[in-house]
Ligand SMILES: Nc1ncnc2c1ncn2[C@@H]1O[C@H](COP(=O)(O)OP(=O)(O)O)[C@@H](O)[C@H]1O
Ligand SMILES: [Mg+2]
């Protein structure tokens, strides 16, 4: 007699992306991965930024620190794509293929995959966008950073045009739609917010609201500018970890607690429970055979 086997459900794909360096993608990817692990989810991590490898190094640092400190620090499973040199065109195609196969295989072992991306366009970055259940775009609070999404009239602040990165996301969404897949939930997350109200903060806020109506994303007030979001990189820790005197080298402050709250609010906004099993990955990925798994 054969035991009934629960069908494999596709791994949920969370992509952190913005065609702009320094907007906080790797920092946010790491915090989301750790937050999911703290919710007892099995988390895989993929770093598509094969030059900087910040996400990779962050996770490796965490593993090393867990060993050194003797603490039970959960670490996401890092999957490196087998790509000799992604800057060479033919290797870019191999990178996309490798990404597709890796994600499909994760359905057997993981609940979520968090993908960090480079701040520039590439085939694997585009493929990641078309696989995303949730796309998080961290954005520094400046019109310079908003420029990747749209341009504005300097007097009225009306949106005059949409920009290259917004078009990349639109194309990925259209691709999903044509395959009958659930729409990507696109969340633009403000990062490094100043803690004091400023004219710039207010203007950027109305600019983003205008854009969100035009481009169909949700905007959330994400993370403030806080040392806590960058000071633990060498130990691979995040604002969500046990931050005591031994790991910090100093006493935790109110800022740690508030930082943690900001990440929790981001997780709530992601509505993880609403992600449905729609077989969307298997529709898209080449060469897999789920029944054989
Ligand atoms: N909310 C924040 N507060 C303080 N520093 C931040 C915050 N988010 C990111 N940073 C810092 O900003 C820089 C760029 O962040 P990073 O995550 O590497 O961006 P990206 O991956 O988009 O290039 C890093 O020095 C990082 O530590
Ligand atoms: Mg990065």
>> Any residue at all in segment 186-198 that's over 30 Å from residue 257 (Cα atoms), surrounded by fewer than 21 Cβ atoms within 10 Å (Cβ to Cβ), touching a helix residue (DSSP H, G or I) at 6+ places or on another chain (Cβ under 8 Å) and touching a residue at least 24 places away in the same chain (Cβ under 8 Å)?
In response: no
> Any residue in segment 266-276 that is modelled with pLDDT under 95, in a loop (DSSP other than H, G, I, E, B), over 19 Å from the mean Cα position of the chain (by Cα) and under 30 Å from residue 57 (Cα atoms)?
Replying inline: no
> Would you call residue 150 in contact with a strand residue (DSSP E or B) (Cβ under 9 Å, 6 or more places away or on another chain) and either surrounded by fewer than 22 Cβ atoms within 10 Å (Cβ to Cβ) or under 15 Å from residue 23 (Cβ atoms) (or both)?
Replying inline: yes
>> Name the residue that is farthest from ligand 1 (Cβ to nearest atom), counting only residues in segment 24-48 that are under 12 Å from the mean Cα position of the chain (by Cα) and assigned to a loop (DSSP other than H, G, I, E, B).
In response: 48
> So how many residues does segment 88-125 have that are under 14 Å from the mean Cα position of the chain (by Cα) and away from ligand 2 (no atom under 16 Å from the Cβ)?
Replying inline: 2
> Within segment 61-83, how many residues are in a loop (DSSP other than H, G, I, E, B) and either in contact with a strand residue (DSSP E or B) (Cβ under 7 Å, 6 or more places away or on another chain) or crowded, with 18+ Cβ neighbours inside 10 Å (or both)?
Replying inline: 5
> Which one of these is away from ligand 1 (no atom under 16 Å from the Cβ) and touching a helix residue (DSSP H, G or I) at 6+ places or on another chain (Cβ under 6 Å): 175, 167, 171?
Replying inline: 175
>> Name the residue that is nearest to ligand 1 (Cβ to nearest atom), counting only residues in segment 49-60 that are within 17 Å of residue 99 (Cβ to Cβ) and outside any helix (DSSP H, G or I).
In response: 49
> Which residue out of 56, 137, 75, 168 is in contact (Cβ under 8 Å) with a residue 60 or more places away in the chain, within 25 Å of residue 191 (Cβ to Cβ) and within 16 Å of ligand 2 (Cβ to nearest atom)?
Replying inline: 137
>> What's the total number of residues in segment 97-126 that are free of Cβ contacts under 8 Å to residues at least 60 places away in the same chain and surrounded by fewer than 22 Cβ atoms within 10 Å (Cβ to Cβ)?
In response: 4
> Based on what the data block shows, is residue 203 surrounded by 19 or more Cβ atoms within 10 Å (Cβ to Cβ) and either farther than 21 Å from residue 71 by Cβ or without any contact (Cβ under 8 Å) to a residue 24 or more places away in the chain (or both)?
Replying inline: no
> Tell me, which residue of segment 223-254 that is outside any helix (DSSP H, G or I), away from ligand 2 (no atom under 16 Å from the Cβ) and touching a residue at least 60 places away in the same chain (Cβ under 8 Å) is surrounded by the most Cβ atoms within 10 Å (Cβ to Cβ)?
Replying inline: 239
> Out of 181, 175, which single residue is in a loop (DSSP other than H, G, I, E, B) and surrounded by 14 or more Cβ atoms within 10 Å (Cβ to Cβ)?
Replying inline: 181
>> Could you check segment 108-143 and list, in sequence order, the residues that are touching a helix residue (DSSP H, G or I) at 6+ places or on another chain (Cβ under 7 Å) and over 29 Å from residue 192 (Cβ atoms)?
In response: 123
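The values are calculated or read from the model by the stated rules, or taken from the named source; none is laboratory data. Note that the coordinates shown come from a computational prediction; the quantities given were computed from them, not determined experimentally. Cβ sites come from the backbone with ideal geometry, for glycine too, and all protein chains shown count toward neighbours.
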